[in-house]
Amino acid sequence: MELVFQIGILVIVIGAIGMSLRPKYHVKNKRELGVRFASPIYSDEKGTKLLVAPKLQLQGKPDYIFETWFSKKKVPLEIKSGILKEDEPHIGDVYQLAAYFLIIEEVYGKRPPYGKLVYANKTFKIKNTFKIRKQLDQTLIQMRNMLEGNSRLQAEPSFIKCKNCICKMTVCEFNKGDY
């Protein structure tokens, strides 16, 4: 009996480790618009009102919000025109979707379980996790501090990043034509 109990605990621990190592998004190598078993309840069209979350001091207009038919969950969908070569979404796009998670939660009173980022050639299903929300919160704090003049981010020069930068030979203190 004790051996069965120990095996059961081992299975639970291995399962928990496996769940924590899983990526927090799923990628499909195709453009997939829409959400299964859901209908659009909001779209960013001319005349659509801005979604405002005053408690969070956030506002935005996701491209679409879908509501699932049975559980009435809200799922934001953001469409990007770019083509991705890698199998990871741009971090800025993930943060934009995470901001929509927070806005939808405040406006509609329901936490979205996930959202979708749709690029021209790939679709990512991004889970609404504590980690993504925490990263967004830290980024928002940095942005607000910069706007208030309380913080200045330090640039880290890099040949790879600087060679095609729009700030090259203009406002960047590190790139005066050296690269």
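Observations on the structure shown:
- Of the residues making up segment 111-124, just one is surrounded by fewer than 17 Cβ atoms within 10 Å (Cβ to Cβ) and among the charged types (D, E, K, R), namely R111.
- Within the set P76, P89, the sole residue that is surrounded by 15 or more Cβ atoms within 10 Å (Cβ to Cβ), on the phi < 0 side of the Ramachandran plot and at pLDDT 95 or above turns out to be P76.
- Segment 27-63, residues that are in contact with a Gly (Cβ under 8 Å, 6 or more places away or on another chain) and among the aromatic types (F, W, Y): none
- Residue among I132, I141 that is β-branched (V, I, T) and farther than 22 Å from I79 by Cβ: I141
- Of all residues in segment 93-151 being aromatic (F, W, Y) and in a helix (DSSP H, G or I), the one that is nearest to the chain's Cα centre (by Cα): Y95
- The residues of segment 100-116 that are closer than 12 Å to T129 by Cα and in contact with a helix residue (DSSP H, G or I) (Cβ under 8 Å, 6 or more places away or on another chain), listed by number, are F101, L102, R111, P112, G115.
- Every condition in (1) modelled with pLDDT of 65 or more; (2) surrounded by 11 or more Cβ atoms within 10 Å (Cβ to Cβ) is met by E148 except one, and the failing one is (2).
- The residues on offer are F130, F101, and the sole one that is surrounded by fewer than 16 Cβ atoms within 10 Å (Cβ to Cβ), among the aromatic types (F, W, Y), under 22 Å from A53 (Cβ atoms) and at pLDDT 90 or above is F130.
The values are calculated or read from the model by the stated rules, or taken from the named source; none is laboratory data. Not measured: the values here are computed from a predicted model. Quick reminder, even Gly has a Cβ in these numbers, built from the backbone with ideal geometry, and neighbours come from all protein chains shown.
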